[in-house]
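These notes concern the structure reproduced below.
The values are calculated or read from the model by the stated rules, or taken from the named source; none is laboratory data. Keep in mind it's a predicted model, so treat the numbers as computed, not measured. Counting neighbours? That spans all protein chains shown, and the Cβs are built from the backbone with ideal geometry, glycine included. The protein model used for the area step is the full one, side chains on, heavy atoms only, and it has no ligands, DNA or RNA in it. Shrake-Rupley method; radii C 1.70, N 1.55, O 1.52, S 1.80 Å.
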Amino acid sequence: MNKTAENIIVGISIGDLNGIGSEVVLKTFEDARMLEFCTPVIFANVKIVSFLKKGFESTSSIHGIDKLDQIVLGKINVYNLWREGVDLNLGTNDDKVGEYAIKSFVAATKALKEGIVDVLVTAPINKYNIQSESFKFPGHTDYLAQELEGDALMLMVSDNLRVGLLTDHVPLNEVAGHLTEELIKKKIETVKQSLIRDFSINKPKIAVLGLNPHCGDGGVIGSEDDAVLKPTLKKIFDKGTLVFGPFPADSFFGSNHYEKYDAIIATYHDQGLIPFKTLSFGRGVNYTAGLDKVRTSPDHGTAYDIAGKNQADFTSFKEAVYLAIDIYKSRIQYQEVSSNPLKLKEKQL
């Protein structure tokens, strides 16, 4: 296999086979132009992918391989990770199917770590049926944080809108207890470095949303914003990071205030994801920032209600592929510039 810099190998975990993952994956690559700049490798089984492909009438032509050293550039490779058949009941939650989703994800992550694939794009899983004695993680991100180097952070991306989280899958009544100076500093630094390295933004501006309504109204509606967020953000700003806030979350997006910043960091999950998905649903991408490898996913779930009905919109998955490739190239460029002090100085001027 003679790989070129223009043809990036995209590892794809198949996700929940009873959901829309297979449909959005194959529909993404029906456009042959996609294969001119990347080569997908789907971690699954060629027979089951062929069966699903017929169901939603995809015109994609797949190529089965039994070993990862058999990857053919410019083809939709399906790596036969398992041989046995899998009983599917599209649109339903099935623990057995969840086992295959994790088998695919774990194998694809291993290939990413070993450099066999350049980037990883994950199709949606069901967070309930993936749980087992050997896999006790809330989702993709937590496992990747264990397996890869760096500090994982969920960053939702759609064009120039980027929303990160100080806390992600944390119950609402526990969020305030997690907001420590150490956590805030670490998350903001992770976002800053990602904007520089992954998005080629030399001096990023970052906004942080307050925890309480109206940022606590001077302590009337909670003390966390005044006691923790404000002083921590000031310390970070004073050391040279362009971080601003905390801002009241209720009007921040509706007033288009977000357009002034390269990234917005929300204090908890729904505070960031509700406005993000309202503004960009169907086009957004979930990017795991802060790691030494690139992983993206679409902004939707398994969509059991439309699975097998040939109705799935593949836009978000396609955008996830595009973003993974763009970030991979941006990292190569950043590494080249960083290793050459003259180029780095020119970039900063």
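How many nm is it between the label spots at Thr92 and Glu174, if each spot is 7 Å from the Cα in line with the beta carbon?
3.3 nm
Okay, which of the range 222-253 sit inside 17 Å, backbone N to the point 7 Å along the Cα-Cβ direction of Thr278?
247-253
Roughly how many Å is it from the Cα centre of the range 283-334 to that of the range 30-66, as a whole number?
17 Å
Which is farthest toward the positive dipole end of the range 8-102 among Ile8, Leu52, Gly98, measuring Cα position about the Cα centre, with Cβ charges +1 (Lys, Arg) and -1 (Asp, Glu)?
Ile8
Please state, to two decimals, what the Cα-based radius of gyration of the range 176-233 comes to when divided by 2.2 N^0.38 Å (N = residues).
1.29
Under the definition of Cα pairs under 8 Å and six or more residues apart, what whole-number percent is the relative contact order of the range 1-132?
38 percent
Under a crude label model (7 Å from the Cα following the beta-carbon direction), how far is Asn160 from Lys203 in nanometres?
With each label placed 7 Å out from Cα toward Cβ, I get 1.7 nm.
Using only alpha carbons, build the gyration tensor for the range 259-322 and give me the equivalent ellipsoid semi-axes, biggest first, whole Å.
Here the semi-axes work out to 23, 16, 11 Å.
Roughly speaking, what is the stretch gain from Ser134 to Thr59, that is 0.36 nm per residue apart minus the C-alpha to C-alpha distance, in nm to one decimal?
23.3 nm
Leu183 label point, 7 Å along Cα→Cβ, cut-off 17 Å on backbone N: hits in the range 239-253?
Under cut-off, by backbone N: 246.
Size of the range 204-349 along its principal axes in angstrom, Cα-based, largest extent first?
52, 52, 25
Given a 1.4 angstrom probe, I'd like the percentage of the accessible area of the range 1-71 that is carbon and sulfur, rounded to a whole number. The partial results should precede the final answer.
On the way: 1400 of 2870 Å².
So the carbon and sulfur contribution to the accessible surface is 49 percent.
Give me the percent of DSSP beta bridges within the chain that run antiparallel, rounded to the nearest 5.
Antiparallel bridges make up about 30 percent of those DSSP assigns within the chain.
Is there a quick way to get the dipole size of the range 70-145? I mean about its Cα centre, with the Cβ of Lys and Arg at +1 and of Asp and Glu at -1; what is the value in debye to the nearest 20?
180 debye
Sort 14-20, 258-264 for me by packing, meaning the mean count of neighbouring Cβ atoms within 10 Å per residue, highest on top.
14-20, 258-264
Rank Ser22, Ser200 by accessible area, highest first, at a 1.4 Å probe radius?
Most to least solvent-accessible, the answer reads Ser200, Ser22.
May I ask for the equivalent-ellipsoid semi-axes of the range 130-241, computed as the square root of five times each C-alpha gyration tensor eigenvalue and listed largest first in whole Å?
For the range 130-241, the semi-axes come out at 26, 21, 12 Å.
Put +1 on the Cβ of each Lys and Arg and -1 on the Cβ of each Asp and Glu in the chain; which of Val285, Phe244, Asn340 then has its Cα farthest toward the positive end of the dipole?
Asn340
I need the fraction of alpha carbon pairs in the chain separated by more than 39 Å, rounded to a whole percent.
Considering the chain, 17 percent of its Cα-Cα pairs are separated by more than 39 Å.
Where the convex hull is taken over the Cα atoms of the range 1-78, what is its projected area averaged over directions, in nm²?
Here the figure is 4.7 nm², rounded to one decimal.
Against the longest principal axis of the chain, how steep is helix 46-55, in degrees 0 to 90 to the nearest 10, with axes from Cα atoms?
Result, in degrees: 80.
At what distance in nm do the modelled label points of Asp142 and Leu242 sit from each other, each positioned 7 Å from its Cα along Cα→Cβ?
Going by the 7 Å Cα→Cβ label model, 3.6 nm.
Mean residue ellipticity at 222 nm from the helices of the chain, using -39,500 (n - 2.57) per DSSP H segment of n ≥ 4 over the full residue count, to the nearest 500 deg cm²/dmol? Walk me through the numbers before you get to the answer.
Values: 11 runs with 125 residues, N = 349.
Value at 222 nm, helices only: -11000 deg cm²/dmol.
Work out, step by step, the length gained on full extension between Tyr304 and Ser339: first 0.36 nm times the residue separation, then minus their alpha carbon distance; give nm to one decimal. Don't skip to the end; give the middle numbers.
Details: separation 35, 0.36 × 35 = 12.60 nm, distance 4.76 nm.
Extra length from Tyr304 to Ser339 when fully extended: 7.8 nm.
According to the Cα gyration tensor, what semi-axes, each the square root of 5 times an eigenvalue, does the equivalent ellipsoid of the range 143-182 have, listed from largest to smallest in whole Å? Numbers along the way, then the final one.
Values: eigenvalues 80, 56, 20 Å².
Calculated on Cα positions only, the semi-axes equal 20, 17, 10 Å.
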